[in-house]
Amino acid sequence: MKIATCREQLTIRPFVEGQDETAWISITNEYLSHFLGPDYTPKSQEYMEWFKRSPWYDPKEMFVAELDGKPIGVIRVRVDERARRRHGTISIELRLHYVGTEYERQMLFFCLENLRSRGISYARTWVRDNMLERIRLLETEGFKKIRSFSVMKMRLGELRRGIGECKRIWFRPVELGRSSDIGLLTFLLNEAFKGQFGFRPTTVEENRAWLSQPDKELYGIFAYWGRTPVGYIVLEISKEFVEAGRKVGEVSSIGVLRPYRRLGVGTALMLKGLEWLRSRGVEEAMLDVDDDNPTRAIRLYEKVGFRAAYKVFVYEKSVSA
């Protein structure tokens, strides 16, 4: 597909396996490293190979934007058939030299037309609060902000107990290579997040892939009330951060079954997980949370010691012709 411009002609073509991986990694890292800063874990060739084996990989949804045969941007237009309301998720990364230019706008138009041609009515995308050019573009083209997330951080030296954690539960590690544990984690995750913004049930295959990312050390913990599993937490440490001397870890996911909420189970799980991070030499933890999460999870995180560092916004637009 070729799109006319007032200067050079922008070409947007399908991603070619075995040819475009290096450019994809390079452009993604340049763009996201700039806007996410030190919190971004650079993608590697090993990550790309993992992604190509994952349930989320579909090269038909991936595109490369070129000027005179030189890649300047990468595009992914994903339609999740398992979502309750079918919508397309747009991802556009480009060389920093082209941020805020007409080329970025044309890449967005390409995404919208791609979704229309597939019979999808809504387009959704995310931006960090410092992506001012992208925010301006989205709002100019009729996108509306529909959700706000907070990225929160805390120093693990400030970790303390006696803040309302449940004393009745006990813990055991998630055995990442054990199918029954991945199945239990999948059940708990889906039950805990049912009804929340953007929820769609995950599969065992997706969670197995998530927990096998090559550039990260992942660790999971189950919480039990007697013999009943009632919650979980998954922690991760980026190997890139460790190699760079950054002592940062992340709470990747945490959930508690509805009947066991407001009993201190989430607090106990969080403390247990943060203790594991600290035992690995981590000094700072981070997580992200929906500001309008119906479980009021943000209050739990603030009680533990997390504070908002920056925002991530979700934008949406109807693309029906």
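Values for this structure:
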{"quantity": "Cα-based equivalent ellipsoid of the chain: semi-axis lengths in Å, sorted from largest, via gyration tensor", "calculated": "37, 21, 19"}
{"quantity": "Modelled FRET efficiency - R0 41 Å, Glu302 with Arg116, Cβ distances, 0.05 increments", "calculated": "0.45"}
{"quantity": "Principal axis dimensions, segment 218-291 - Cα atoms, whole angstrom, descending", "calculated": "42, 29, 15"}
{"quantity": "Residues of type lysines that Lys60 reaches as a straight line, Cα spacing below 25 Å, ignoring anything fewer than 8 places off in the same chain", "calculated": "Lys2, Lys43, Lys52, Lys70, Lys317"}
{"quantity": "Segment 210-299, relative contact order in percent, only Cα pairs under 8 angstrom and at least six apart counted", "calculated": "24"}
{"quantity": "Between 0 and 90°, nearest 10: helix 179-193 axis offset from the chain longest Cα axis", "calculated": "80"}
{"quantity": "Inter-label distance for Arg136 and Arg13, nm, one decimal - labels placed 7 Å from Cα along Cα-to-Cβ", "calculated": "3.2"}
{"quantity": "For the chain, with +1 on Lys and Arg beta carbons and -1 on Asp and Glu, the positive-most of Tyr57, Cys111, Trp276 along the dipole", "calculated": "Trp276"}
{"quantity": "Ratio of Rg to Rh over segment 45-89 (Cα coordinates, Kirkwood Rh, two decimals)", "calculated": "1.06"}
{"quantity": "Listed residue (Ser26, Thr101, Trp126) projecting farthest to the positive dipole end of segment 1-148, Cβ model", "calculated": "Trp126"}
{"quantity": "Nearest-0.05 FRET efficiency for Lys70 and Ser179, computed from C-beta distance (R0 45 Å)", "calculated": "0.50"}
{"quantity": "Quotient of C-alpha Rg and 2.2 N^0.38 Å, computed over segment 122-244", "calculated": "1.36"}
{"quantity": "The chain: most fluctuating residue of Ser54, Ser179, Ser26 per GNM, C-alpha cutoff 10 Å", "calculated": "Ser179"}
{"quantity": "With Cα atoms, 0 to 90° folded angle of helix 102-117 axis to the chain main axis", "calculated": "80"}
{"quantity": "Distance between modelled label sites at Arg105 and Glu284, nm, 7 Å Cα→Cβ extension", "calculated": "3.7"}
{"quantity": "Quotient of Cα Rg and 2.2 N^0.38 Å for segment 2-142, N being how many residues it contains", "calculated": "1.02"}
{"quantity": "Charged-residue dipole, Cβ positions (Lys, Arg, Asp, Glu), the chain about Cα centre, Debye nearest 20", "calculated": "1460"}
{"quantity": "Zone residues, segment 151-192, relative to Val204, backbone N less than 19 Å from point 7 Å out along Cα-to-Cβ", "calculated": "174-192"}
{"quantity": "Convex hull per residue volume in Å³, alpha carbons only, for segment 152-311", "calculated": "114"}
{"quantity": "Given charges at beta-carbon only (K, R positive; D, E negative), |dipole| of segment 217-321 in Debye", "calculated": "500"}
{"quantity": "Relative contact order for the chain, counting Cα pairs under 8 Å that sit 6 or more residues apart, in percent", "calculated": "22"}
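Computed from the coordinates by the stated procedures, all read-outs in this text should not be read as laboratory data. Since this is a predicted model, take the numbers as computed values, not measurements. FYI the Cβ positions are ideal-geometry reconstructions off the backbone, even for glycines, and counts take in every protein chain you see.
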